[in-house]
Amino acid sequence: MSAYRRNIGLNYILSFFLFANLAASTIVVFLQDNGLSVAQIFILQAIGPLVILLSELPTGVFADVSGRKKSIVVACVLFGLASFLTIFSHSFFSFLFVLSLAAFGSTFYSGSGDALMYDSLREERRTRFAKLAFSNNALFRLIGLGSAVILGAFIASINYRLNFALMSVISLIALFVALKFKEPESTARIKAKTVWKETINAITLMLHVRPYVILMLALAVLSNISLVILIYIQFYLAGFGVNLFLFGFVYAALAIMQGVGVKVGSFIETFLKPKYFSILVMILYAASLGLLGISDSLVFFLVNAHLFMFVSGLFGAVFADYQNRFVPSMTRATIGSFSAIVNSFIFVLIIIPVGLASELFGLGAGVLLVALISLSIIPALGLRIDDDIILKSVDDGL
């Protein structure tokens, strides 16, 4: 097996460990037990995206100048440090610091992981398998998250902080995996002395590629609404009196449903044109979110939550593949980071009014507001995705 093909497998393993967030299903309860209010928790959820807004582009440039491997290694180190410091955090401001540090670490990985995987496929002349690779990678992330939340919920029922100690160890394992990557030799690099000029030129160029912009906005809106709903699920489960240990099983089941959605979405897309696939997925997404917003019992809520997570898995790998076809190798990490900035900005736009609505009028009002946002925006984005999505990578001569 070549080193570049091995990169793909290593990235699957890395994704498993980096997304094995033991605290994911209980972080809201953990923060509440430390005396934080609902408003403070939503503020903390918004801090990460704000940090990303400030640091994502410089770290993406770092990856394009210094290499994707170095960037991923830095991410693993910062994740481990943030997890370790969380063990000793008790106040709003201490949580503010560690969550900001974790968000800063995520910016070193966000554009680099996908860029390294896509460039490795390009090195092997296997970019036609990119959609399969992205869907497999998403599945490994969800398996890592699903298994971690079950274990994490059990550990949290004993001691919350032990989760963060174990996550520090997991970050060390991820670091070991990252050090095994081989940087694709043919990947073009931005020269350090002209880095910002070339970065601005690259972003300006991509903003004139209409299909890329539409896909970037669609992914940002869809993924952020899914993230907001995952936050709400913890509030709802606590409100319904669900045992903390059961949080993990609920989150694991949701991750499995999303993973099934990833594979089903990749399969369905092979039979539909991009426009029809996008419209179908986005209508299903908005409808499932609307059902979730009117759930008034635990059973109804759980059924609709699983339906929503299945639908939310349909688009991710497919849209990521579409996006990468438009991005040249030399600036792939930088452009990926720019997309993450847009993603974070949209998250802040969504989370602040939703958090205020939840604080003033209750959780149901917040979910209904998210549903209204999705029903008004998502179908319109789907209608603007063209059928003429490029079928070959831009690096293959298009």
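The values are calculated or read from the model by the stated rules, or taken from the named source; none is laboratory data. In this text the structure is predicted, and so the values were computed from the model without any measurement. Backbone-built Cβ (ideal geometry, glycine too); neighbour counts: all protein chains shown.
At-a-glance table
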{"quantity": "Restricting the range 290-307 to residues that are in a helix (DSSP H, G or I) and among the small types (G, A, S), the residue that is surrounded by the most Cβ atoms within 10 Å (Cβ to Cβ)", "calculated": "A305"}
{"quantity": "Subset tally (residues that are over 14 Å from the mean Cα position of the chain (by Cα), under 18 Å from I47 (Cβ atoms) and assigned to a helix (DSSP H, G or I)) for the range 76-103", "calculated": "17"}
{"quantity": "Filter result for Q45 (surrounded by fewer than 20 Cβ atoms within 10 Å (Cβ to Cβ) and assigned to a helix (DSSP H, G or I))", "calculated": "no"}
{"quantity": "Selection from the range 258-273 of residues that are part of a helix (DSSP H, G or I), surrounded by fewer than 21 Cβ atoms within 10 Å (Cβ to Cβ) and not basic (K, R)", "calculated": "V260, V264, F267, I268"}
{"quantity": "Test for S55: is it buried (at least 23 other Cβ atoms within 10 Å of the Cβ), among the hydroxyl-bearing types (S, T, Y) and either assigned to a helix (DSSP H, G or I) or touching a residue at least 12 places away in the same chain (Cβ under 8 Å) (or both)", "calculated": "no"}
{"quantity": "Positions within the range 298-347 being of a type in the set (G, A, S) and at pLDDT 80 or above, in sequence order", "calculated": "A305, S312, G313"}
{"quantity": "So A287, is it at pLDDT below 75, aliphatic (A, V, I, L, M) and not in a loop (DSSP other than H, G, I, E, B)", "calculated": "no"}
{"quantity": "Residue match in the range 173-180 (condition: assigned to a helix (DSSP H, G or I) and charged (D, E, K, R))", "calculated": "no"}
{"quantity": "Number of the condition not met by L22 [criteria: (1) within 23 Å of F134 (Cβ to Cβ); (2) crowded, with 22+ Cβ neighbours inside 10 Å]", "calculated": "(1)"}
{"quantity": "Subset of the range 67-109 [surrounded by fewer than 19 Cβ atoms within 10 Å (Cβ to Cβ) and aromatic (F, W, Y)]", "calculated": "F84, F88, F92, F93, F97"}
{"quantity": "For H208: the one exception among (1) farther than 28 Å from A148 by Cα; (2) at pLDDT 75 or above; (3) surrounded by fewer than 17 Cβ atoms within 10 Å (Cβ to Cβ)", "calculated": "(2)"}
{"quantity": "Of all residues in the range 123-156 being at pLDDT below 80 and charged (D, E, K, R), the one that is nearest to A63 (Cα to Cα)", "calculated": "E123"}
{"quantity": "Unique match (being at pLDDT 85 or above, hydroxyl-bearing (S, T, Y) and under 19 Å from N163 (Cα atoms)) among S25, S15, S71", "calculated": "S15"}
{"quantity": "Condition met for G241 (buried (at least 18 other Cβ atoms within 10 Å of the Cβ) and either free of Cβ contacts under 8 Å to residues at least 60 places away in the same chain or in contact with a Gly (Cβ under 9 Å, 6 or more places away or on another chain) (or both))", "calculated": "no"}
{"quantity": "Index of the failed condition, Y4 passing every other in (1) under 25 Å from D119 (Cβ atoms); (2) crowded, with 22+ Cβ neighbours inside 10 Å; (3) within 19 Å of the chain's Cα centre (by Cα)", "calculated": "(3)"}
{"quantity": "Residue within the range 151-161 that is of a type in the set (D, E, K, R) and assigned to a loop (DSSP other than H, G, I, E, B) present", "calculated": "no"}
